[in-house]
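Notes to accompany the following structure.
The values are calculated or read from the model by the stated rules, or taken from the named source; none is laboratory data. Small disclaimer: the values here were computed from a predicted structure and weren't measured. Don't worry about glycine lacking a Cβ; one is built from the backbone with ideal geometry, like all the others, and counts go over all protein chains shown.
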Amino acid sequence: MSKAQLILVLTLCVGLFSVVQAQTYTPGQTVDRDFKGFAHKFLNTHCIDCHGGSDPEGSLSLEDLGPVDEVNAAVWKSVWAQVALGEMPPKDVSEVEVVQRLQFSDWIVHQLSQEMEDKGGFNAHRDPNKGNYLDHDLLFGPLPEGIKLAPTSSPARIWRVTPQEHITRLNELINKEPEFDPEKPGLRTHGDVVPTNHGGELKLYFGTDRITKWVGGTVAYATAVKSVPAVLSSDRKHGLENYPEFYTVNSSEATQILGKAEDIIKYMVDGPLSLVGMPEQITDDPATYDRVKPRGDLRGLPTAITYSTEIARPLTPVYDLMKEEGVTDERLCAAVDYLFEALTFRPASKEESDEYITIVRQSIEKLGKEDGVVLGLSSIFLDRDALFRPELVENGKPDRHGRVMLQDWELGLAVNHALRYVKPDEELRKAIIEGRMRTREDVRREVERMLADDSIRKPRILRFFRDYFDYDLGGYICKDTNSLTETGINTRFVQHHYRAMFDATASTDRLVELILQEDKDVLKQLLTTDKVVAYPTDNVYFGSKLNKAERQALAIKAKKAAEAQAKKEEAKIAELEQKVDDLDSQLKANPQEKETQRELERAEKTLAAEKKRVAAAKRQRSSDNSSIAEAKFSGPEIYARVSRRSFGSHGSFSNGSMKPERVLGTASEGQRLGILTHPSWLVSHSDAMDNHAILRGRWIRERLLGGGVPDVPVTVDAMLPDEPHNTLRERMRVTKENYCWTCHQKMDPLGLPFEMYNHAGLFRTSELDKPVDTTGEIINSGDPTLDGPVDNAIDMIQKLAESERTEQVFVRHAFRFWMGRNETLNDAPLLQEAYCAYKDSGGSMKALLTSLLTSDTFLFRTKN
Amino acid sequence: MLNRRKMLQGVAAGAGAAFGLSLNPQRLLASSTGQSTPKRIIFFMQNQGFDPQTCIPEGMKQSGSLAKAKLPEPISALEPYKERLHIINGLHGMHTSPSHSAFFGALGGYRGSDGVPPSAPTIDYELSKILPQTLLPHLCIGMDSLGNMKSKPTIATLSASGAGQPIFMHSNPNHLYQMLYGGISSGDIRLQFEARSNLLDQVEQLAAAEGKSLSKLDHQRYGQYVQGFKDVNGLRDRLNTVADHLRKFAPKVDERYTHPEFETDWHDVNLELGISALTSGITNTLTIASGRGEIFGSWKGLGVEKQGHDLGHMGQPDNPIWIKIRQYNSRMLVRIMESLESVPEGSGTMMDHTLIVYTSNNADKQHTNGANWPVMLLGNLDGAFKTGCFTQLDGKRPINSLYTALLRAAGKNVDRFNMNEKMARKFDSGTGPLKEVLT
């Protein structure tokens, strides 16, 4: 019998076997089979033929692979990835039934989870980046026979709040944010997330809304104001980054929170008085402070700032408690209850309230009122529910599938958290208290109400788009200055590039919101819009890098224009100098002529001013960027959300804080199409010196096509050759080696079409003075109508934007974000329903969200 | 996933609530009876740059011995210690964007700037993890103007335990004393300590009670949160058990703590506390930030009336102000060495197993591109580092290569620190540790 015949017979045998098994297969059920009778058989039948013998494929022999243990866990993980993805066994070598494949990968996951439980655990199958390991066609296509789906739910769990949620929650205690202004949507408003600052750092600022004057420039301001960075950590470099099981609060963070809590409480009580060195700094007339302020250079010191007397912070029961003599039970209870609800978003129970009152009383006993209250109240900041959000369904009754529906505060806060970072609005709070948050219809009512009201800010939706697109990382990509200069960006002040990237993130945020406002074909619009929310620096970043001939022509033109301008300026100065000389002579002849004296002074001033202007113009001409053609944006004025003033507004080395003003412009046709061609996304998917075609391709493969890419094998030295005179495409030839290409064909041909932009995001037609090659190909997308070559990124995006598969993959990612877990096959009906809701509504995000948030997965929890 | 040691490192670094894996009081003893020799590293980061002319002996252009050289005036206090000194000129930190300050990039060896969060752990934190363990693995202290130290007693600008995970430095000596020696303190510090201890005990109980109904997976995760409090509270008890030992090293609280005349009073007592944390064996890594990693700072106690940003705009060589500041730094370095020398350890003294890294968080001057980043090393960390010499490098190896050398000497066999191969092609002419400093 030949090898092929043997494989065929074995495959048929296993096929028969699997059909028998398939009748009872339910995804997620433990595959209670032993290694020898199940896994070993699978390996022998489908794998050993290639991965055995003296020269195994990929130098990986599975011949001696035994039951899962700590030592071989990495190999089993790799086997799991290959089998789950359908990469192995290769279809042309050995056919595996769907059910058999699912059972085998479930078995590996179960075994790895058990084996690694006390050794760091096995969590790869929970990683959102591996969510696509579940075949897309199984979720959205017809189910193979023999699979019985179970009613879906999510596990009972606790979520740690994200750094953004935490800072926003704390910000509510000390800063009042403006109410939503329908005339100026986009401006930072109450309920929006606290944005990162000019350097990309997430910080809580104290009292910056009351600063009237400070000494020094930009950095002096940034040093003198009080701010504290986010304490909770988030170590994922994006993608969907907030599954409940990712994070805890370590003891370092807990103790830091305690320290910051004391600062916050002091500010709640005393406002800016808690920040200053002298009470005279609180004044509406900074001149009064000037008279008494300490001598010497105050720049960067707390004493450098004056604050207005206007009370801008919220005055709360904590303030009331401290402003009154003594400590009454009533006041103390009110302060504890207020703080508890502000931090946990739900009222304290009587027991909880009493516990914290006791702690505060004990602290007061030890330290006296002032210090005791501050220390005692800070303990509430460490309450479990101030840092974690529970979905534990402790009180509900399980249905016949063992699922318990969330209700009351848990359900209300789950709905609130799906959309918001601040506590439930009055209506939702009332509904929870009155027992009207217990049914699917209750949830639908509240979700639809909140979605319809623009004044109820919903930063979680925007967060999803950041997580999905990853367009907000550009400012964190460290750029090599020389390489950045070559892109056409002026790097005289390299920090301006990073600032421009944070501005670009804010602009893209706003563009996403504008598309959500329309709520039609949301994904398609995001992928194909010609609109650009533009900040002045975008004229450069959305511009195009000129090729050599264009640069030379422009340089000649610019030189001629500069020479002509210089001549004019010289003539003008000569004329003014002559006038001064004449007046001077006239005055020498008649020293008593007062009018001549005055005229001479005026002429001298005019001459000095003109010389200054000419010198500035000359400097400007010499720094004019002759290597790019700037984009010119015009359109209606709009606003983007930026940080509170985190940096001074003047100074010799900075533009100061970020500014919200933008225009809504239109991108050059043929050069840009949708978010993926905007600098914010392109730079986010670049590296220090070049584009990152692999990363871009991976993004397309995973987030639009729903494909999976296995982890890079540890044996691979993932480096491109260092050849400065070769293009990235040329250097990427190494990924075409057989061993690499299996995976890289999924990414590289999808990323290389973006070579029409350089790594700062500028459009280009040439690279290294040769026409740039922007071709690529969609290979094995899962939708045969998509497969085939593409001319460039725009061509590819147009194809993808029309695809039903792409929309379905988008829905899968929305599912992961809002459910906090990867989809399983049991979720297939829900996903199909959610997709229908999106499609039938003409691509409405609101419809998609309503469908997801009223689904069983969102509403029901299963314990263990 | 967090492991226990990582978690412990975190709490100690962040809050200074000190505890560690080996909560055996014996480990606190200066003369360790354990098998691994205690080692310690101190980073002293002066802000505004470190001009090479203020440390390289006049006329010294080539690498060579310092034996016959005379140290320049700003560091003349180190003259008696020159056989322990290694002056290094010609490392670079261009990739750290040090204009005004490289912030986390100075100890991280990556891009840092105002407002830019850390993108990876810094070298001091990494070392604290691998040096023989102490109760408090990492302590950071910061020195600034009195106003800033009072209004912002903890800030995070230089050290980090990971991407987006800054480590706070302590500037108010009263808080720092409470943290280190609250159990043996008296007066107001004692009251604060007791109140805080009581609060943390109760928070632990509340946290533990709230975790009872969690699933297995959540229980493990939430358990780490509860465990953090248990460790903090447990450590306090353990420190109490070695109170007699700590008393030998704890500084005396005096007027300088409660009524400082100048900021330098607090600088001095913070330094004393830092030294005592080393000599008592509480910590193995101390980061001292003079100017707190920013571009301001104040030294009125030295008779320097100017403060803040202007100090950076001045040239440092032959500048009376900068001579005073650098001399003050040098005297602090001497105090550290003398203190460590006075404590027997193994067959020698603590100083024998110590290395001090003195440099700036901003290369050589305030407005710099980081092409030159002078460093002074003092001590040899158990014979691992060359001493008594000056080394002139060619400006092609980054500060990361020095940090790699520190990691190697501490026992971690790595070729690079926080620099991938792609960046290394651009910014590092070599591979592995800076061999010029290692014996």
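Tell me, yes or no, whether the stretch B:252-262 has at least one residue that is away from chain A (no Cβ under 14 Å) and β-branched (Val, Ile, Thr). Please lay out each step first, then the result.
Keep residues of the stretch B:252-262 that are away from chain A (no Cβ under 14 Å), which gives B:252-259, B:261.
If we keep only those that are β-branched (Val, Ile, Thr) as well, we get B:253, B:258.
Scanning the stretch B:252-262 turns up at least one residue that is away from chain A (no Cβ under 14 Å) and β-branched (Val, Ile, Thr).
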Q: Hand me the list of helices (runs of 4 or more DSSP H) wholly inside the stretch A:457-526 holding 1 or more residues that are touching a strand residue (DSSP E or B) at 6+ places or on another chain (Cβ under 6 Å).
A: A:495-518
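Every residue in the stretch B:205-239 that is touching a Pro at 6+ places or on another chain (Cβ under 7 Å) and at the interface with chain A (Cβ under 10 Å from one of its Cβ atoms), please.
Taking the stretch B:205-239 and keeping what is touching a Pro at 6+ places or on another chain (Cβ under 7 Å), we get B:215, B:238.
B:SER215 - this is the single residue of the stretch B:205-239 that is touching a Pro at 6+ places or on another chain (Cβ under 7 Å) and at the interface with chain A (Cβ under 10 Å from one of its Cβ atoms).
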Q: Hand me the list of helices (runs of 4 or more DSSP H) wholly inside the stretch A:285-394 holding 2 or more residues that are farther than 30 Å from B:SER215 by Cα and either within 14 Å of chain B (Cβ to nearest Cβ) or not small (Gly, Ala, Ser) (or both).
A: A:286-290, A:317-323, A:329-344, A:350-367, A:369-378
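Kindly indicate the residue of the stretch A:215-235 that is of a type outside the set (A, V, I, L, M, F, W, C) and under 17 Å from the mean Cα position of the chain (by Cα) and also surrounded by the fewest Cβ atoms within 10 Å (Cβ to Cβ) among those meeting that condition.
Taking the stretch A:215-235 and keeping what is of a type outside the set (A, V, I, L, M, F, W, C), we get A:216-218, A:221, A:223, A:226-227, A:229, A:233-235.
Still in the running and under 17 Å from the mean Cα position of the chain (by Cα): A:233-235.
Details: A:SER233: 21, A:SER234: 19, A:ASP235: 11.
Filtering the stretch A:215-235 for residues that are of a type outside the set (A, V, I, L, M, F, W, C) and under 17 Å from the mean Cα position of the chain (by Cα), the one surrounded by the fewest Cβ atoms within 10 Å (Cβ to Cβ) comes out as A:ASP235.
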Q) Out of all the residues in the stretch A:683-699, which are more than 14 Å from A:LEU750 (Cβ to Cβ), hydrophobic (A, V, I, L, M, F, W, C) and crowded, with 24+ Cβ neighbours inside 10 Å? A) A:VAL683
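Scan B:HIS245, B:HIS313 and give me the residue that is in contact (Cβ under 8 Å) with a residue 24 or more places away in the chain, over 19 Å from B:CYS140 (Cα atoms), out of contact with any Cys (no Cβ under 7 Å at 6 or more places or on another chain) and within 14 Å of another protein chain (Cβ to nearest Cβ). Show your work before the answer.
On the way: B:HIS245 fails: within 14 Å of another protein chain (Cβ to nearest Cβ).
Answer to the selection: B:HIS313.
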Q) Within the stretch A:421-443, can one find any residue that is within 25 Å of the chain's Cα centre (by Cα), touching a residue at least 24 places away in the same chain (Cβ under 8 Å), not in a loop (DSSP other than H, G, I, E, B) and not assigned by TED's automatic domain parsing to the domain that holds A:PHE817? A) no
Q: Restricting attention to the stretch A:516-567, report how many residues are β-branched (Val, Ile, Thr) and under 20 Å from A:ASP503 (Cα atoms).
A: 5
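Residue check: is A:VAL68 touching a residue at least 24 places away in the same chain (Cβ under 8 Å) and aliphatic (A, V, I, L, M)? Break it down into steps so the answer makes sense when it comes.
Numbers: touching a residue at least 24 places away in the same chain (Cβ under 8 Å): yes; aliphatic (A, V, I, L, M): yes.
Yes, satisfied.
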(Q) Anything in the stretch A:821-837 that is of a type outside the set (Gly, Ala, Ser) and free of Cβ contacts under 8 Å to residues at least 40 places away in the same chain? List them, or say none. (A) A:GLU833, A:CYS836
Q) Looking at the stretch B:38-82, which of its residues are in contact with a strand residue (DSSP E or B) (Cβ under 8 Å, 6 or more places away or on another chain), under 25 Å from B:HIS313 (Cβ atoms) and in a loop (DSSP other than H, G, I, E, B)? A) B:ASN47, B:GLN48, B:GLY49, B:PHE50, B:CYS55, B:ILE56
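Picking from B:GLY147, B:GLY90, B:GLY115, B:GLY108, which residue would you name as being within 14 Å of another protein chain (Cβ to nearest Cβ) and at pLDDT 95 or above? Even if it seems obvious, please write down each step before you answer.
On the way: B:GLY147 fails: at pLDDT 95 or above; B:GLY90 fails: within 14 Å of another protein chain (Cβ to nearest Cβ); B:GLY115 fails: at pLDDT 95 or above.
Residue meeting the stated conditions: B:GLY108.
Restricting the stretch B:194-204 to residues that are facing chain A (nearest Cβ under 9 Å) and of a type outside the set (D, E, K, R), which is surrounded by the fewest Cβ atoms within 10 Å (Cβ to Cβ)? Show your work before the answer.
Our first condition is that a residue be facing chain A (nearest Cβ under 9 Å); within the stretch B:194-204, this holds for B:194-196, B:198-200, B:202-203.
From the residues that got through so far, the ones that are of a type outside the set (D, E, K, R) too are B:195, B:198-200, B:202-203.
Working: B:ALA195: 21, B:ASN198: 17, B:LEU199: 21, B:LEU200: 21, B:GLN202: 19, B:VAL203: 23.
Filtering the stretch B:194-204 for residues that are facing chain A (nearest Cβ under 9 Å) and of a type outside the set (D, E, K, R), the one surrounded by the fewest Cβ atoms within 10 Å (Cβ to Cβ) comes out as B:ASN198.
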Q) Counting only residues that are surrounded by fewer than 24 Cβ atoms within 10 Å (Cβ to Cβ), among the polar types (S, T, N, Q) and more than 9 Å from chain A (Cβ to nearest Cβ), how many does the stretch B:153-193 have? A) 5
Q.
Would you confirm, using the coordinates I've provided, whether A:ARG361 is basic (Lys, Arg) and in contact with a Lys or Arg (Cβ under 9 Å, 6 or more places away or on another chain)?
A. no
Q) Which residues, counting only those in the stretch A:659-711, are in a helix (DSSP H, G or I) and among the charged types (D, E, K, R)? A) A:ARG696, A:ARG698, A:ARG701, A:GLU702, A:ARG703
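Out of A:LEU232, A:LEU240, A:LEU273, A:LEU258, I need the residue that is without any contact (Cβ under 8 Å) to a residue 12 or more places away in the chain and either under 30 Å from B:GLY223 (Cβ atoms) or more than 8 Å from every other protein chain (Cβ to nearest Cβ) (or both). Which one? Reasoning before the result, please.
Details: A:LEU232 fails: without any contact (Cβ under 8 Å) to a residue 12 or more places away in the chain; A:LEU240 fails: without any contact (Cβ under 8 Å) to a residue 12 or more places away in the chain; A:LEU258 fails: without any contact (Cβ under 8 Å) to a residue 12 or more places away in the chain.
Checking each option against the conditions leaves just A:LEU273.
Against the definition (touching a helix residue (DSSP H, G or I) at 6+ places or on another chain (Cβ under 6 Å), not in a helix (DSSP H, G or I) and not polar (S, T, N, Q)), how does A:ALA603 come out, yes or no?
Numbers: touching a helix residue (DSSP H, G or I) at 6+ places or on another chain (Cβ under 6 Å): yes; not in a helix (DSSP H, G or I): no; not polar (S, T, N, Q): yes.
No.
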Q. Does A:THR358 satisfy being in the same structural domain as A:LYS266 (by TED's automatic domain parsing), farther than 21 Å from A:HIS190 by Cα, at pLDDT 95 or above and surrounded by fewer than 16 Cβ atoms within 10 Å (Cβ to Cβ)?
A. no
(Q) Of everything in the stretch A:292-329, what is in contact (Cβ under 8 Å) with a residue 12 or more places away in the chain, over 40 Å from the mean Cα position of the chain (by Cα) and on the phi > 0 side of the Ramachandran plot? Give them in sequence order. (A) A:GLY326
Q: Kindly check whether there is at least one residue in the stretch A:723-736 that is surrounded by fewer than 18 Cβ atoms within 10 Å (Cβ to Cβ), part of a loop (DSSP other than H, G, I, E, B), without any contact (Cβ under 8 Å) to a residue 40 or more places away in the chain and of a type in the set (Val, Ile, Thr).
A: no
Q: Among the helices (runs of 4 or more DSSP H) lying completely within the stretch B:236-348, list those that include at least 2 residues that are among the small types (Gly, Ala, Ser) and under 18 Å from B:SER171 (Cβ atoms).
A: B:263-279
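State whether the residues of the stretch B:74-94 include one that is within 17 Å of the chain's Cα centre (by Cα) and either crowded, with 24+ Cβ neighbours inside 10 Å or of a type in the set (A, V, I, L, M, F, W, C) (or both). Give the steps one after another, and end with the answer.
Filtering the stretch B:74-94 down to residues within 17 Å of the chain's Cα centre (by Cα) leaves none.
No: zero hits.
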Q: Could you identify the single residue in A:TYR338, A:TYR289 that is of a type in the set (Phe, Trp, Tyr) and in the same structural domain as A:GLY217 (by TED's automatic domain parsing)?
A: A:TYR289
Q.
If A:GLU518 meets every condition in (1) in contact (Cβ under 8 Å) with a residue 60 or more places away in the chain; (2) over 27 Å from A:ARG619 (Cα atoms) apart from one, which number is that one?
A. (1)
(Q) I need the full set of residues from the stretch B:119-137 which are surrounded by 24 or more Cβ atoms within 10 Å (Cβ to Cβ), more than 15 Å from the chain's Cα centre (by Cα) and either farther than 15 Å from B:ALA277 by Cβ or acidic (Asp, Glu) (or both), in order please. (A) none
